[in-house]
Structure formats: structure tokens, C-alpha cells
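Enquirer: Here it is, the structure in full.
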Amino acid sequence: MRTRTLLLLLSLTILSAAAFAQQLIPIPAEMQMQNGSYRITAASVVSYNAPAAQAAAKEFSDRLSIPAGFTLPVQSGSGGPVRFILLEKKEKRIGNEGYLLTVSSDGITLSAYAPAGLYYGVQTLLQLLPAEVEGNTPATAEWSVPAVTIVDKPRFGWRGLMLDVSRHFFPVEDVKTFIRQMARYKYNTFHWHLTDDNGWRIEVKAYPRLTSVGAWRVERSGAFGSRLDPQPGEAATYGGFYTQEQIKEIVQYAAQHHITVVPEIDLPGHSMAAIAAYPWLSTKKDTNTRVNPGSDFADWFANGTFKMNIENTLNPSDERVYEFLEKVFAEVVPLFPGPYFHVGGDEAYKGYWAQDPGCQALMKKLNIRHVEDLQGYFITRLETMLKKHGKKLLGWDEILEGGVSPTAAVMSWRGMKGGIEAAEKGHEVVMSPTTFAYLDYNQGDQTVDPPVYASLRAKKTYSFDPLPEGVEAKYILGGQGNLWTENIPHMRAVQYMLYPRAWALAEVLWSPKERKEWNGFTVRMEEHFRRADKAGINYSTAVFDPVIRTRTNNGVMTVEMESEMPGVDIYYTIDETMPDEGSPRYSSPFTLPPGPVTLRAVSYRNGVRAGNLIILKPEELQKRAGR
Ligand code: ACM
């Protein structure tokens, strides 16, 4: 009896140690589980061997203190049993951002060459503890770390997320939360989209109207792009901006989390907020220009081109525009210590330039025939300005059109094509393609999630490889997920759109390609759902949902269903009843009877309902067949 109990206990311990290995996102480069574990108690001293290792040691102690209800002593030296060590000699297998972590029943040793490596090691260590460690209140848990040896370092040096704070404004505390949560998944770059048609969000003392006027729009809700235009005399009450002091505070906060902030001032297009503040920045100088609340201000055509019905592009032929930008950069650029400054360059509509006599005269002077080439002229002037500040220009892939100097860095968003072309020309490239990394797109069925014009499922994001075959690795800095906030008004919605896709992307950007495997990831993703629950962080469960496609052949409609998650059973009805485990279980494509039918489908996993109920009415089933 005693032997059996012991055996049972032993196998439980081994099982739970193995289970702990299932909870790391991103998965480490190398990891060996061993038997046993180290139990952390209030007496577990955390020692650090160098002043620069103190912050990581303290981070570990601080993060544990609330859920554990005790604070680990943090001391200089090497007494341990939890030891933080900054190595004197660089080791190739961990590089600048990597770390070595050894846990045995005697204690924990975390070593790295640089503070960033220790910081990432702490994130791993915390993920090895029970989910309760994420809670904001004292919890009862066994604070044991399984015995393990980890050798880890990132695949890419640029592991980014972008937050658009123009379409909706996010106060300082929200931005800090965004940064803090990024850091837990070993992201190191925060791209801050600070200006657009819907709000200018950064204080510029030389041009106070940029924020007194440009940061405010009329209050609207409803789907972006079809909202009511500002009405005559209507007060602009929605918005906000960051003072330069707040920007510094956030940049410093990010640095403490080993995150570099890359600011973006989007030029010459996407500038309606600036033009509302200073109409002379545009060609038409229309003093009725207002900061846009998300109204229908552009016509989009099937070939991907578009027409702006309100001017939102700065005038490249007016020297006053360059004086303005010189002054803006003089104030803004020094706030950000990182090497890159993002100037946008995307979706700049040239229609107003084509009609403007000043632009025509400039084209003549420059001996250029196409109005598009004025974009090259404009961006090149920006690059000259930024070089004076010691910064590298970074822009969306449109900057390749109209010519750009080889020292400019390119962010590829219209698929991977621009990035590949840029790398071939010798530009540095960050891959953030719509096809894998646009986190504003729907991740679930458009009949359940608020519809966005395109869809991107978590599994697709996970399949992203920022380094396409045939491209020289040295040009690909890394990759980035972009969160445009047209339809994202607050942090709960931000989190819903981020997770689980930002976890998938974290693994894409950090872990070796060979370690990536979707089914294994889903097990860890589910553990992170539980952790997010403890932390009060929102996420989407669309990965469980039935993914439904239809096709018609000779008037007969066939339905195909699958789920992104392995091991999910889908039950459905076509008889106007609610589906459950007693309904037909989907096993292979089936045809629908003639006449209008509504399909209802729901997922179960291990007998438990998971995800959303999907209801597709006859017209929606038809619409899908047409795609
Ligand atoms: C972009 O999505 N317009 C860069």
C-alpha cells in the first residue's frame, strides 16, 4: 500500500514536471526536464553577483510577492539558493538577449551576459511557476519550480508589436500595461503609431494646435468608416495626447522592461489631424478640415487603389512644410533613444498633388514625370532631417515607390513582397505583413466577432516565417504584429484582439523555427488562457470555434468544417434547433438539402462546450460559397 502510494506520488511529480514544460511561451531553444523541483519559501534568498543584475533579481521577488504573500530577500553576492549571475564572457549560445537557467532541488541559477537576458530568464522562471503567480491577490499554491536546464536565445532581434493610439486614444496607464504584457512574452520593440487622420497624440510645443485641435474629434461609436461626419458647430470632445514628460515616462518604463520604443509620425499621408490644426500644411488649405471621427472619407477600388475625398496629405512642394517638420522632429526625435524613427509613408494619396500648381512646378524643377515620385523626394528630405539627429528612417513599404536611399529601413505590410524586394536591394527589413501579422483583423467568424474587412486566424499567425527562403538573413531584422485601433476603443478590446495571436507571434519571433509546432503550441496556449484568467486579461476563444466553408456545385451546397484546435468535436444542426452533444457530429463534408437552411454549429472538447456558437443563415451560407 505504502509502495503504491509512493509510486503514485512519484508519477504525479514526474507528470506535473512534464506538465510544467507545457507552459512556456515562447518555447525555449533548448530545454531538458529533470526529476524533482525546487520549492520557493519566504527564506529563499535571491542573490545577484553584479549591480546590473539587481533589477532582474528584484523583478523576480516583486512579481512573486503579491501572489505568494511573502517577499523573497534580495541580496548582493552569490549565496542563493536563487542565484542571478551576469557572466563576464559572452557566450555564443545565449548571445546578448539569451540566458541559461538551471533548476534543481537545491536551488535556481539564472545566468546571462546582459541584463536583458536575465530579464527574459525571469519571465521563463515565472512561467514555470503555477498559474496563480499571475494573480493580483495572495493565492494558495505550491511555489515549486520543476528541475530543468534551459539554454535560450531569440531567433530575431526585432520582436515588435504596434499600437495605434490615434484611431482611439489610450491613456498612459494603458500604454504601460500594453508594454508590461509584451515584455512577459519577450517582445523587445514597441512601435507607437502616434499620429493619423483621427488624432495627433504627441505634444509639440512649437505647434500647440497639433494637440489643442489635432488631438480631439467628435465623439462617435459604431463601425469605423461609416460614422457620421462632424456636424457644424459640434464640439470635439473625444481624444487626448501625451505630454513630452509622459512620453519620457513611457520610454523609461519600456526601457525597464527591455523594450525599445519606435515612434511613428505618419507622413505625408494619414495627416488629417495635423491639417485640421494647420490647414496650410496641405495643398488646398481647407480651413473646414476637421479631425476625422471615422467617417466614410475614402473610396476604395477593387484594384487596391483609393481616392481620398478629404485631403489628408501634406504638401511636398511647400518649404514651410519642411520647416514645420524640422521643428517637430527637433522636439520629438530626442525623446526616443532608439536608433529608428518611423515616418509612415503608407497610403499617401497623390490626387491633390496632381492638381496643385506648386506640386506641378516642383515636378518640373525636379524633372520628374509621375506625381508618385514626389513621395520619394519627400521621404528623402525626411531622411536627411533624421540623419542630422543620428536616426535611421523607417517607413512602410510604400517608401520603396518613388525611390529611397539604401540606408532607409522598410516595414513590409502589404504581404512579404515589399520586404523581400527591399532586402534584395540591401535595406533592413521588418516583416509585418497583413497576411500573418495584422492583429486588427478578425480572428473568429465574422458573424460572431465584430466584422473587420479581413480575417486572420491564430493558426495562420503561428505559421508566419519572417525570413522567407532565398532572402539573406542579415537584412531581416525581425517581425511585428500591428494593432490598428479603428474598431478597438479600450484595453479589454485590445487584449481580445491580441491574444492568443500575440502569443503565437511571440513564439514565431523568439523560438527556433524547428521548435515550432502548432499542436504543441495549443497545449501551452490553453495554459496561458488560464494564466490570463488569473491576471484578469481578456482573450479570444475563437480557436475552438467551427471554421465553416461552403461551396456550390450544380446548385447543391456542400459544407466543410474544421477547428484550429486539435481534439475538438463539432456538432451541428440544420433543423432550426440549437446544437449540442446530441446533435449530428461533423466528420466529413456534407451537402445541404435544397431550399433555405440555417446552419448552427458548436464545438466540444472532452465533453465540455468550448468557444462560440456559429449561426449561418441561408444568405451567409450562399455568400461564403461565392468566395
Ligand atoms: C498600413 O496598414 N496602412 C501600414
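The values are calculated or read from the model by the stated rules, or taken from the named source; none is laboratory data. It should be emphasised that the depicted structure is a prediction, and the values quoted were computed from it without experimental measurement. Note that we place each Cβ from the backbone using ideal geometry, even for glycine, and neighbour counts take in every protein chain shown. Calculation scope for accessible area: heavy atoms of the full protein, side chains included, ligands and nucleic acids excluded. Shrake-Rupley method; radii C 1.70, N 1.55, O 1.52, S 1.80 Å.
Enquirer: Quick one: is residue 473 free of Cβ contacts under 8 Å to residues at least 60 places away in the same chain, open to solvent by 20 Å² or more (accessible area, probe 1.4 Å), within 16 Å of the ligand (Cβ to nearest atom) and hydrophobic (A, V, I, L, M, F, W, C)? Before the answer, list the steps.
Expert: On the way: free of Cβ contacts under 8 Å to residues at least 60 places away in the same chain: yes; open to solvent by 20 Å² or more (accessible area, probe 1.4 Å): yes; within 16 Å of the ligand (Cβ to nearest atom): no; hydrophobic (A, V, I, L, M, F, W, C): yes.
It is false that residue 473 is free of Cβ contacts under 8 Å to residues at least 60 places away in the same chain, open to solvent by 20 Å² or more (accessible area, probe 1.4 Å), within 16 Å of the ligand (Cβ to nearest atom) and hydrophobic (A, V, I, L, M, F, W, C).
Enquirer: Scanning for something within 16 Å of the ligand (Cβ to nearest atom) and either in a loop (DSSP other than H, G, I, E, B) or not acidic (Asp, Glu) (or both), does region 274-284 turn up at least one residue?
Expert: As a first pass, look at region 274-284 and keep what is within 16 Å of the ligand (Cβ to nearest atom): none.
There is no residue in region 274-284 that is within 16 Å of the ligand (Cβ to nearest atom) and either in a loop (DSSP other than H, G, I, E, B) or not acidic (Asp, Glu) (or both).
Enquirer: Mind checking which residues of region 354-382 are of a type in the set (Val, Ile, Thr) and more than 16 Å from the ligand (Cβ to nearest atom)? Walk me through it before giving the result.
Expert: Just the residues of region 354-382 that are of a type in the set (Val, Ile, Thr), to begin with: 368, 371, 379-380.
If the condition is that a residue be of a type in the set (Val, Ile, Thr) and more than 16 Å from the ligand (Cβ to nearest atom), then 368, 371, 380 are the ones that fit.
Enquirer: Could you please find all residues in region 100-116 being closer than 18 Å to residue 58 by Cβ, part of a strand (DSSP E or B), out of contact with any Lys or Arg (no Cβ under 7 Å at 6 or more places or on another chain) and open to solvent by 10 Å² or more (accessible area, probe 1.4 Å)?
Expert: Hit for region 100-116 is 111, nothing else.
Enquirer: Moving on. Suppose we filter 233, 225 for residues that are within 16 Å of the ligand (Cβ to nearest atom), in a loop (DSSP other than H, G, I, E, B) and surrounded by fewer than 23 Cβ atoms within 10 Å (Cβ to Cβ); which single one remains?
Expert: Details: 233 fails: within 16 Å of the ligand (Cβ to nearest atom).
Every option except 225 fails the conditions.
Enquirer: Only one of 344, 304, 351 is among the small types (Gly, Ala, Ser), open to solvent by less than 30 Å² (accessible area, probe 1.4 Å) and either more than 16 Å from the ligand (Cβ to nearest atom) or more than 30 Å from residue 256 (Cα to Cα) (or both). Can you tell me which? First the steps, then the outcome.
Expert: Values: 344 fails: either more than 16 Å from the ligand (Cβ to nearest atom) or more than 30 Å from residue 256 (Cα to Cα) (or both); 304 fails: open to solvent by less than 30 Å² (accessible area, probe 1.4 Å).
On inspection, the qualifying residue turns out to be 351.
Enquirer: Answer with yes or no whether residue 261 is part of a strand (DSSP E or B) and away from the ligand (no atom under 16 Å from the Cβ).
Expert: Values: part of a strand (DSSP E or B): yes; away from the ligand (no atom under 16 Å from the Cβ): yes.
Considered against the rule, which asks whether it is part of a strand (DSSP E or B) and away from the ligand (no atom under 16 Å from the Cβ), residue 261 comes out as yes.
Enquirer: Then there's this: Test each condition in (1) part of a loop (DSSP other than H, G, I, E, B); (2) surrounded by fewer than 12 Cβ atoms within 10 Å (Cβ to Cβ); (3) at pLDDT 95 or above for residue 519 and report the one that comes out false.
Expert: Checking residue 519 against (1) part of a loop (DSSP other than H, G, I, E, B); (2) surrounded by fewer than 12 Cβ atoms within 10 Å (Cβ to Cβ); (3) at pLDDT 95 or above, the one that fails is (1).
Enquirer: Have a look at 564, 560, 581 and point out the one that is in contact with a strand residue (DSSP E or B) (Cβ under 8 Å, 6 or more places away or on another chain), open to solvent by less than 40 Å² (accessible area, probe 1.4 Å) and not β-branched (Val, Ile, Thr).
Expert: Working: 560 fails: open to solvent by less than 40 Å² (accessible area, probe 1.4 Å); 581 fails: open to solvent by less than 40 Å² (accessible area, probe 1.4 Å).
Answer to the check: 564.
Enquirer: Can residue 467 be described as within 20 Å of the chain's Cα centre (by Cα) and within 16 Å of the ligand (Cβ to nearest atom)?
Expert: Values: within 20 Å of the chain's Cα centre (by Cα): yes; within 16 Å of the ligand (Cβ to nearest atom): no.
So residue 467 fails the test.
Enquirer: Something else: Restricting to region 608-627, and then to whatever is over 17 Å from residue 551 (Cβ atoms) and out of contact with any Lys or Arg (no Cβ under 8 Å at 6 or more places or on another chain), can you tell me which residue is surrounded by the most Cβ atoms within 10 Å (Cβ to Cβ)? Give the steps one after another, and end with the answer.
Expert: Within region 608-627, the first condition is being over 17 Å from residue 551 (Cβ atoms), and the residues that meet it are 608-615, 617.
Those left that are additionally out of contact with any Lys or Arg (no Cβ under 8 Å at 6 or more places or on another chain): 608-612, 617.
Values: 608: 8, 609: 15, 610: 18, 611: 24, 612: 20, 617: 14.
Result: 611.
Enquirer: Residue check: is residue 255 open to solvent by 20 Å² or more (accessible area, probe 1.4 Å), among the hydrophobic types (A, V, I, L, M, F, W, C), in a helix (DSSP H, G or I) and modelled with pLDDT of 95 or more? So that I can check it myself, show each step before the final result.
Expert: Numbers: open to solvent by 20 Å² or more (accessible area, probe 1.4 Å): yes; among the hydrophobic types (A, V, I, L, M, F, W, C): yes; in a helix (DSSP H, G or I): yes; modelled with pLDDT of 95 or more: yes.
Considered against the rule, which asks whether it is open to solvent by 20 Å² or more (accessible area, probe 1.4 Å), among the hydrophobic types (A, V, I, L, M, F, W, C), in a helix (DSSP H, G or I) and modelled with pLDDT of 95 or more, residue 255 comes out as yes.
Enquirer: If you go through region 476-504, how many residues are touching a residue at least 60 places away in the same chain (Cβ under 8 Å), aliphatic (A, V, I, L, M) and more than 16 Å from the ligand (Cβ to nearest atom)?
Expert: 6
Enquirer: While we're looking at this one, here's another question. Cβ contacts < 9 Å: first residue modelled with pLDDT under 95, restricted to region 77-106; second residue of a type in the set (S, T, N, Q) and open to solvent by 60 Å² or more (accessible area, probe 1.4 Å), any location; separation 6+ or different chain. Result?
Expert: Between residues of region 77-106 that are modelled with pLDDT under 95 and residues that are of a type in the set (S, T, N, Q) and open to solvent by 60 Å² or more (accessible area, probe 1.4 Å), the close pairs are 78/49; 90/96.
Enquirer: Can you tell me how many residues in region 307-335 are within 25 Å of residue 294 (Cβ to Cβ) and among the basic types (Lys, Arg)?
Expert: 1
Enquirer: Among all residue pairs at least 6 apart or on different chains, which show Cβ distances below 6 Å where the first residue, located in region 345-363, is at positive phi and the second is within 16 Å of the ligand (Cβ to nearest atom) and hydrophobic (A, V, I, L, M, F, W, C)?
Expert: That search, which allows pairs on different chains as well, returns 345/379; 345/396; 345/399.
Enquirer: Continuing with the same structure: Count, please, the residues in region 121-179 that happen to be β-branched (Val, Ile, Thr), open to solvent by less than 10 Å² (accessible area, probe 1.4 Å) and in a loop (DSSP other than H, G, I, E, B).
Expert: Of the residues in that region, 1 qualify.
Enquirer: Let me ask something else about it. So which residues in region 593-627 are within 17 Å of residue 542 (Cβ to Cβ) and of a type in the set (S, T, N, Q)?
Expert: 603, 612
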